[in-house]
Amino acid sequence: MMNRPYYITTPIYYINDVPHIGHAYTTIAADIMARYKRICGYDVFFLTGTDEHGQKVEKAAELQGIHPQELADRMVNRFTDLWKALNITNNDHIRTTEERHKKVVRYMFEKAFEKGDIFLGEYEDWYCVPCETYVTELQLKDGKCPDCGRVPERLKEESYFFRLSNYTDRLLRLLETHKDFVLPEGRYNEVLSFIKGGLRDLSVSRTSFKWGIPVPMKAEHVIYVWFDALTNYISGIGFLDDPELFGKYWPCDAHLMGKDILRFHAVYWPSFLMSCGIEPPKKVVAHGWWTIEGQKMSKSLGNVIDPLDIIKEYGVDEFRFFLFREVPFGLDGDFSKSAVVHRINGDLANDFGNLASRTVTMIGKFLKGRIEAPEKKGAMDEFVEEQTQRLIGEYQAEMDLFAYHKALAAAFEIISILNKYIDTEAPWKLAKEGDVRIKTVLYNIWNSLRITAVMLYPFMPEKSNLIWKALGIGRRIENTFFDDEKAFYCPSDIAIIDKIAPIFPRIET
Ligand code: MSP
């Protein structure tokens, strides 16, 4: 398994907007898997990036009186700074305005054109003149533009189309033979019925604005933003430039995204790739959406959450943990500060942090800071070890399915077992009675806690490393392998274990 490649991506983010909690969510989700796969021995490539073309960016730049490229250059740091603050371990960040990307998009467009999958036709739909945007029949609200409420007019423009309908059978076969192509499971049927409902040819060029990659055979057209954006997944790993890198990581193991853009990834993207003779990705994973205190997040409501504010107030690991402990991955969730505080005080301060402090204090006090091999094992001690092993297995199975909430539940079950074990075995009593079993009990807790920290590491990398340090372990978790850390062992190179400051201080409300 060593050095097996694993390629994971996030969507590339629209540059006209400031990053918010929704963007942070997708990126942290990918970071969790990237970190997990690395400690499982995979050679991971984790790509994120920014979507910098299109009418929205052109308009936002116009409003500020600057060139769209200048807007993109200014805004990109907002994203890369956020990734740093969130401890994101991406290997690269692709921008669609980079030449390495643009040439791949041109190549793909030409390839599909030569194949006969792209043809010139006419696009007709409702057009909102003030918003300068097409609105489909379905999007209209009482016959009016859903954004500005004005009456749109019927408009036709010349456009290139992609023969999506050509790919219906191949897409159905792909889904048929890869039952796990779409995760979570529930979303698979959604994609299937969309394809079965009939695929319409897709307009893949525009003449109504300029900010994009010109169509190679007709420069007054720019390539549709989605055709452009999706291509980042191959341009970002050296397609055309670096065949070795591309050959190593493609096909992608997992494209992560919100449910709103699943169709683009599970239907359009594989079709574009197949048209160009490139293998489709192995998996697409869609997560749910966050509302804020029960409401949709929107600029006009003024309730957009800046992840940097939350990190400042509660800590980065606490924020990362909250997002994935609170809501089953795949479902929608509601963000509120009271829910964050509740999770921090309950799971982290009371259950996990307190367990770590008690353990460290007891090892310091009763064993002079040293863990020793057990001399006597009782049924309860065996039970704790068995349960830890069982829950590690459960955790790994759930992680592989992106069921982060279930993986976290497995880790927290160990924590709860350990807290009960301390209460029932009462090491302070064993110490008073001079019973050697105290060594066994503390050895067991030390081991289970050490493993739990590894399990929580992808979610809370810094805090988990702090736990290791408190347990006297000098290495960092990212430099270890999950398989090596699974078994119970009696450490030889462990520093003297003593008291620690609370790792998760309670938040007073
Ligand atoms: N640029 C396109 C993606 C192109 S990928 C080839 C795009 N960008 S986006 O910035 O609008 O959204 C990026 C991601 O943020 C999506 O996965 C989307 O689901 C996620 N979120 C945006 N708002 C969200 C919430 N309120 N909650 C959770 N995630 C949401 O789409």
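Residues are listed down the side, and each one gets a yes or a no for (1) more than 16 Å from the ligand (Cβ to nearest atom); (2) of a type in the set (Phe, Trp, Tyr); (3) in a helix (DSSP H, G or I); (4) buried (at least 24 other Cβ atoms within 10 Å of the Cβ):
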residue: TYR6; (1), (2), (3), (4): yes, yes, no, no
residue: ILE12; (1), (2), (3), (4): no, no, no, yes
residue: VAL18; (1), (2), (3), (4): no, no, no, no
residue: GLY22; (1), (2), (3), (4): no, no, yes, no
residue: THR26; (1), (2), (3), (4): no, no, yes, no
residue: ALA30; (1), (2), (3), (4): no, no, yes, yes
residue: ARG35; (1), (2), (3), (4): yes, no, yes, no
residue: ARG38; (1), (2), (3), (4): yes, no, yes, no
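Mind listing whichever residues of segment 40-56 are of a type outside the set (A, V, I, L, M) and either assigned to a strand (DSSP E or B) or within 17 Å of the chain's Cα centre (by Cα) (or both)?
If the condition is that a residue be of a type outside the set (A, V, I, L, M) and either assigned to a strand (DSSP E or B) or within 17 Å of the chain's Cα centre (by Cα) (or both), then TYR42, ASP43, PHE45, PHE46, THR48, GLY49, THR50, ASP51 are the ones that fit.
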Per-region count, segment 298-326, residues farther than 14 Å from ILE21 by Cα and outside any helix (DSSP H, G or I): 3
Where PRO270 falls short, out of the listed (1) more than 15 Å from the chain's Cα centre (by Cα); (2) within 11 Å of the ligand (Cβ to nearest atom): (2)
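If you go through segment 56-67, how many residues are farther than 30 Å from PHE246 by Cα and surrounded by 15 or more Cβ atoms within 10 Å (Cβ to Cβ)? Show your work before the answer.
So in segment 56-67, the residues farther than 30 Å from PHE246 by Cα come out as 56, 58-67.
Imposing the further condition that a residue be surrounded by 15 or more Cβ atoms within 10 Å (Cβ to Cβ) reduces the set to 56, 58-61.
Result for segment 56-67: 5.
If the requirement is being touching a Phe, Trp or Tyr at 6+ places or on another chain (Cβ under 7 Å), surrounded by 15 or more Cβ atoms within 10 Å (Cβ to Cβ), modelled with pLDDT of 95 or more and not hydrophobic (A, V, I, L, M, F, W, C), which of these qualifies: HIS93, HIS53, HIS101?
Values: HIS93 fails: touching a Phe, Trp or Tyr at 6+ places or on another chain (Cβ under 7 Å); HIS101 fails: touching a Phe, Trp or Tyr at 6+ places or on another chain (Cβ under 7 Å).
None of the others qualify; the one that does is HIS53.
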Number of the exception - LEU202 against (1) among the aliphatic types (A, V, I, L, M); (2) at pLDDT 95 or above; (3) closer than 26 Å to VAL225 by Cβ: (2)
Filtered residue count, segment 285-296, keeping only those that are in contact with a helix residue (DSSP H, G or I) (Cβ under 7 Å, 6 or more places away or on another chain) and either more than 8 Å from the ligand (Cβ to nearest atom) or not aromatic (Phe, Trp, Tyr) (or both): 3
Top-ranked residue of segment 201-243 - restricted to ones that are crowded, with 19+ Cβ neighbours inside 10 Å and of a type in the set (D, E, K, R), ranked as farthest from PRO281 (Cα to Cα): ARG206
Cross-chain or 6+ apart pairs with Cβ under 7 Å, segment 35-53 first and in contact (Cβ under 8 Å) with a residue 40 or more places away in the chain and within 13 Å of CYS252 (Cβ to Cβ), then in a strand (DSSP E or B) and acidic (Asp, Glu): LEU47/ASP92
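Restricting attention to segment 386-411, report how many residues are within 21 Å of the chain's Cα centre (by Cα) and touching a residue at least 12 places away in the same chain (Cβ under 8 Å).
Count: 15.
Identify, from the list GLY121, GLY143, the residue that is under 19 Å from PRO214 (Cα atoms) and small (Gly, Ala, Ser). I'd like the intermediate steps shown before the answer.
Working: GLY143 fails: under 19 Å from PRO214 (Cα atoms).
Going through GLY121, GLY143 in turn, just one is under 19 Å from PRO214 (Cα atoms) and small (Gly, Ala, Ser): GLY121.
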VAL304 farther than 19 Å from ASN166 by Cβ, crowded, with 22+ Cβ neighbours inside 10 Å and more than 8 Å from the ligand (Cβ to nearest atom): no
Filter result for ARG150 (at pLDDT below 95 and among the basic types (Lys, Arg)): yes
Residue that is surrounded by the fewest Cβ atoms within 10 Å (Cβ to Cβ) [pool: residues in segment 251-267 that are under 20 Å from PHE239 (Cα atoms) and more than 10 Å from the ligand (Cβ to nearest atom)]: PRO251
Filter result (under 24 Å from the mean Cα position of the chain (by Cα) and either over 23 Å from ILE311 (Cα atoms) or part of a helix (DSSP H, G or I) (or both)) within segment 57-91: ALA72, MET75, VAL76, ASN77, ARG78, PHE79, THR80, ASP81, LEU82, TRP83, LYS84, ALA85
Criterion violated by ASP73 - all others in (1) under 30 Å from LYS144 (Cα atoms); (2) surrounded by fewer than 22 Cβ atoms within 10 Å (Cβ to Cβ) satisfied: (1)
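The values are calculated or read from the model by the stated rules, or taken from the named source; none is laboratory data. Every value quoted in this text rests on a predicted model; they were computed, and no experiment measured them. Here Cβ is always computed from backbone atoms with ideal geometry, including for glycine, and neighbour counts include all displayed protein chains.
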